[in-house]
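One structure is given below, encoded as structure tokens.
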Amino acid sequence: MSGLQIFGIVAVAIFFVAAAVLAAAETSLTSITRARATALREEDRKGATVLEALLHDRERVLSPVLLLVLACQLGAATIVGALVQRWFGAEWVPVALVLEVVVFFVVAEAIPKAWALQNASRAALAMAPLVDGLLRFPPLRWITDGLLGIAALFLPEQSGRASVVASDDELIAFANAAFESEVIEQSERKMIESVIDLGDTLVREIMTPRPDIITAPKETDVDAAIDLAIEHGFSRLPLTGDGVDDIVGVVHVKSLVGLARAGKGADPVGDHLSPATYVPETKPGDDLLREMQGSQVHLAIVIDEYGGTAGLVTLEDVIEELIGEIVDEFDKEEPLLATFSGGVKVHGRMPVDELNDLIEGELPVGDWDTVGGLIFNSLGHLPVAGEVLEVAGLRMIVESIHDRRITSVLIRQPRGARLDLQAELAAAERGVPSDATEEEES
């Protein structure tokens, strides 16, 4: 065997090893996120600073790696073909190349990439200095930039460089994956989902609706306003002029108590009001939260498209969208959802999308936001207690109505089957009560 043939065999082995290392580098750099690289840097892991810098321009980093992988594959194939032709004849070259592809795929592709995926952080930290060194080698950088320039001639022009942005669904999927991997806890996963969902939640979905607003005329005296606030457990009261559509301001009970102690209990509360803050019912929840934080406002009046009062929303309402219900000794509201052995019982004010999440259902969404609105739209008339309808495979029974408002709805699967949609588990996670006794249908 000549020295040239020995050199060829050594070159093929080198190409195999180089291709395997580069394949691991490619996979590790594409599978790790910038957030993970930042976390590794904050942990003072060796190579994390270089890794984080590389991930700022992943396309520029990967191009030389992919070019070298291709060069190794072609170089190995060329040498193997030449050696086989010299040893066994040209007719064996196709067979040798097929065998080489199989071996190359297993040894220099599948195995290193699988290892890099299983050890993403470790592989990325190990490969970052190597890739950084390749990028600093001028000839390789010049060749890569030149080839990319040629490729750009055949690509359509872009107005700007596309940025890699994760959608809301992808962020939620990341949170679910982190929870399943026991990286974060259930409460942390729910918090992440709530923060993301807040941007898609409109004020009208979290407000106290107009019929439930407790107001006081601006002519009411201070003592009477204090009694009204104590009766309902409120810290602030909206004040009206010519009715609920004419809310002229808001008064804080703490200020009223001070006035009463100063002997001004007979004064009209309208003399001591603060200006009201008005927000449209279509305002996103995250925008409202930022606005309330910036202006130090804890209560806002929600107005509809005609300028009328649609409801009111408090800072507590927005925060509850993030962390769940906040119940104190003054809260007297009925729960929106309770479970029983045959299904769930919900208040008519229960948001449809929230109910879908809880029972993993497919109730339709439309111009309505609540279960009550869905029932009104489906029936086309004012329901009566005991009326039954089926929507999206679920049987709904209007249990009670108060002042033309649906206050209680039983939801079952058709023919009284058990609502096997993990509602009790979902209710337990949210801290809502569960009634273990079977409810009788009307």
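Yes/no matrix, rows are residues, columns are (1) closer than 23 Å to Q118 by Cα; (2) charged (D, E, K, R); (3) in the same structural domain as L125 (by TED's automatic domain parsing); (4) modelled with pLDDT of 85 or more:
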{"position": "F15", "(1), (2), (3), (4)": "no, no, yes, yes"}
{"position": "A19", "(1), (2), (3), (4)": "yes, no, yes, yes"}
{"position": "A25", "(1), (2), (3), (4)": "yes, no, yes, yes"}
{"position": "I32", "(1), (2), (3), (4)": "yes, no, yes, no"}
{"position": "T38", "(1), (2), (3), (4)": "yes, no, yes, no"}
{"position": "R41", "(1), (2), (3), (4)": "yes, yes, yes, no"}
{"position": "L68", "(1), (2), (3), (4)": "no, no, yes, yes"}
{"position": "I79", "(1), (2), (3), (4)": "no, no, yes, yes"}
{"position": "F104", "(1), (2), (3), (4)": "yes, no, yes, no"}
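Residues that are hydrophobic (A, V, I, L, M, F, W, C), more than 19 Å from W142 (Cβ to Cβ) and surrounded by fewer than 16 Cβ atoms within 10 Å (Cβ to Cβ) within segment 43-94 comprise A53, L74, A82, W87, F88, A90, W92, listed in sequence order.
When you look at P238, is it part of a strand (DSSP E or B) and under 30 Å from S194 (Cα atoms), yes or no? Here the answer is yes, as P238 does meet what is asked. Taking the stated definitions as given, is L74 assigned by TED's automatic domain parsing to the domain that holds W142, under 20 Å from M127 (Cβ atoms), over 29 Å from the mean Cα position of the chain (by Cα) and part of a helix (DSSP H, G or I)? No: the conditions fail for L74.
Scan segment 242-283 for residues that are in a loop (DSSP other than H, G, I, E, B) and acidic (D, E) and jot them down. Residues satisfying the conditions are D242, D245, D246, D267, E281. Exactly one residue out of E354, E390 is acidic (D, E), buried (at least 19 other Cβ atoms within 10 Å of the Cβ), outside the structural domain of I192 (by TED's automatic domain parsing) and at pLDDT 75 or above: that is E354. Of the residues making up segment 200-210, not one is at pLDDT 85 or above and loosely packed, with under 15 Cβ neighbours inside 10 Å. Put simply, of I230, I214 the only residue that is assigned to a loop (DSSP other than H, G, I, E, B) and either farther than 30 Å from E354 by Cβ or of a type in the set (A, V, I, L, M) (or both) is I214. If you check L315, L322, L289, L299 for being over 20 Å from D200 (Cβ atoms) and hydrophobic (A, V, I, L, M, F, W, C), only one passes: L299. Every condition in (1) closer than 22 Å to G373 by Cβ; (2) modelled with pLDDT under 90; (3) not hydroxyl-bearing (S, T, Y) holds for V327 except the one numbered (1). When residues in segment 235-267 are screened for being surrounded by 15 or more Cβ atoms within 10 Å (Cβ to Cβ), touching a strand residue (DSSP E or B) at 6+ places or on another chain (Cβ under 8 Å), more than 17 Å from A300 (Cα to Cα) and among the small types (G, A, S), 1 of them pass. Would you confirm whether any residue within segment 180-194 is in contact with a Leu (Cβ under 6 Å, 6 or more places away or on another chain), within 26 Å of D317 (Cα to Cα) and surrounded by 14 or more Cβ atoms within 10 Å (Cβ to Cβ)? Within segment 180-194, one or more residues are in contact with a Leu (Cβ under 6 Å, 6 or more places away or on another chain), within 26 Å of D317 (Cα to Cα) and surrounded by 14 or more Cβ atoms within 10 Å (Cβ to Cβ). Looking only at segment 148-170, decide whether some residue is surrounded by 14 or more Cβ atoms within 10 Å (Cβ to Cβ), assigned to a helix (DSSP H, G or I) and modelled with pLDDT of 80 or more. No: segment 148-170 contains no residue that is surrounded by 14 or more Cβ atoms within 10 Å (Cβ to Cβ), assigned to a helix (DSSP H, G or I) and modelled with pLDDT of 80 or more. Restricting segment 1-16 to residues that are exposed (fewer than 13 other Cβ atoms within 10 Å of the Cβ) and not hydroxyl-bearing (S, T, Y) leaves a set whose member that is nearest to D132 (Cα to Cα) is A13.
The values are calculated or read from the model by the stated rules, or taken from the named source; none is laboratory data. Note that the structure is a prediction, hence the values are computed from the model and not measured. Because the Cβ atoms are built from the backbone with ideal geometry, glycine has one as well, and the counts that use them run over all protein chains shown.
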